[in-house]
Amino acid sequence: MLKSYPLISIITAVYNSEKYIRETIDSVYAQNYANFEFIFVNDCSYDKSVDIIKSYNDDRFIVIENEKNMGASFSRNEALKYANGIYACILDSDDISYDKRFIKQVSYLQDNPNVDICGSYAKMFGKYDYIMKKPLDDQVIKSYMITTCPFIHSTCMIRISSLRKYNLLYDTSLKTAEDYDLWCRAAQYMTYHNIPEVLVGYRSGHDHLSSQRSTEQDVITGHIINRNFSNLADSSVTLYTQIDFDNTSLSKLQNDLLLINTIGDRPNLNKRMGLFSNRLAADIAIKKLCIRHAHNGIRFFLWSVYKFKCIKMFSLYTFKFLVKSVLHLRDVKGHIYSWMRLKKYEKQKI
């Protein structure tokens with residue numbers, strides 16, 4: 001139960017969002033949580049986005065106009081400067097908040113005053129339809145960070161006082177993955193959590209702010225990892241950045257597994273800051289590797305036997321890779337089989 005209803009500052013960067021902005025706003029009204037201010041930063045839209053926002057005639061709406069197109073990071077920083085709330089609620093202009101999102105996140109943050117950022121699961125909708133999940137607890141989230149972003153941006157609720165205490169804002173020099181960079185920089189100061197419930201709908205299949213320039217995002221993600229974690233107590237992060245998750249060579253896969261084994265066998269990363277568990281990071285890397293290489297799991301085992309490398313390669317993480325690959329491949333085959341049955345059924349109906 002909520003102890004009180006503190007002011008929430010909802011932050012939405014707007015750029016030519018007329019197609020979906022009304023749905024986003026209506027999802028906030030459906031929250032049954034009245035104590036909010038809704039800060040829109042219009043980044044020089046040339047459609048009817050601002051007209052739609054102003055049509056609500058709500059005193060809780062604040063519209064900030066950028067003098068020129070500056071990008072989403074700059075816009076969110078401007079909103080944070082104006083925010084009067086206890087918590088900042090991130091909501092992209094094409095996403096929606098599901099019922100009781102605000103109450104559940106505010107309640108969790110009130111009950112856990114040590115937690116600074118609270119996210120959740122999200123439902124991808126539009127072109128794709130599935131549930132996006134993220135790790136739940138602080139140590140797991142921070143171990144996850146050396147592989148990929150540990151939060152779904154539009155699910156995040158943040159203590160504004162914590163951002164201001166450590167002078168943390170989005171890096172406006174980054175064109176993508178700017179949220180990931182912020183979480184990485186904040187990790188040494190803040191405590192993280194994800195609620196294991198779907199609280200946000202995340203739209204897919206159009207020009208979503210976080211789905212653009214995927215190749216560029218991979219490059220920037222590598223840069224963010226190196227920039228933020230290169231000062232850790234050992235070189236495990238450097239080893240991790242050498243793993244090539246997109247390779248197709250079995251010999252390169254062997255090298256990647258050796259790197260993961262080395263990381264997993266080391267003591268925990270950066271004891272001074274207490275951020276990461278090497279074993280967790282290795283497990284996460286194995287999971288990511290098997291998603292890309294499920295079809296190579298058995299081939300890799302047979303190849304390593306043929307090359308007399310099976311003894312050298314046998315380890316806990318190699319075994320995990322083989323098991324996870326088989327399980328993942330089974331799931332993929334199941335999805336393909338279900339899809340083929342559906343298509344056959346549709347054909348019969350016609």
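Only the coordinates and a few stated rules stand behind these numbers; no lab work does. Model, not experiment: these values are computed from the prediction. For neighbour counting, all protein chains shown are included, and Cβ atoms are generated from backbone atoms with ideal geometry for every residue, glycine included.
Key figures for this structure:
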| quantity | calculated |
| --- | --- |
| Additional length obtainable on full extension of the chain from residue 16 to residue 223, 0.36 nm per residue less Cα span | 71.6 nm |
| Backbone HN-Hα couplings from phi across region 118-131 [Karplus 6.51/-1.76/1.60, Hz, Gly and Pro as x] | 10, x, 6, 6, 9, 9, 6, 9, x, 5, 10, 9, 6, 8 |
| Which of 198, 41, 28 has the fewest Cβ neighbours within 10 Å, and the rest in rising order | 198, 28, 41 |
| Theoretical FRET efficiency, 1/(1+(r/R0)^6), r = Cβ-Cβ of residue 59 and residue 130, R0 56 Å, to 0.05 | 0.90 |
| Cα gyration tensor shape of region 8-204, rounded if a/c is under 1.5, else prolate or oblate by comparing a/b with b/c | rounded |
| Residue 148 paired with residue 167, simple spin-label distance in nm, labels 7 Å along Cα-to-beta-carbon | 3.4 nm |
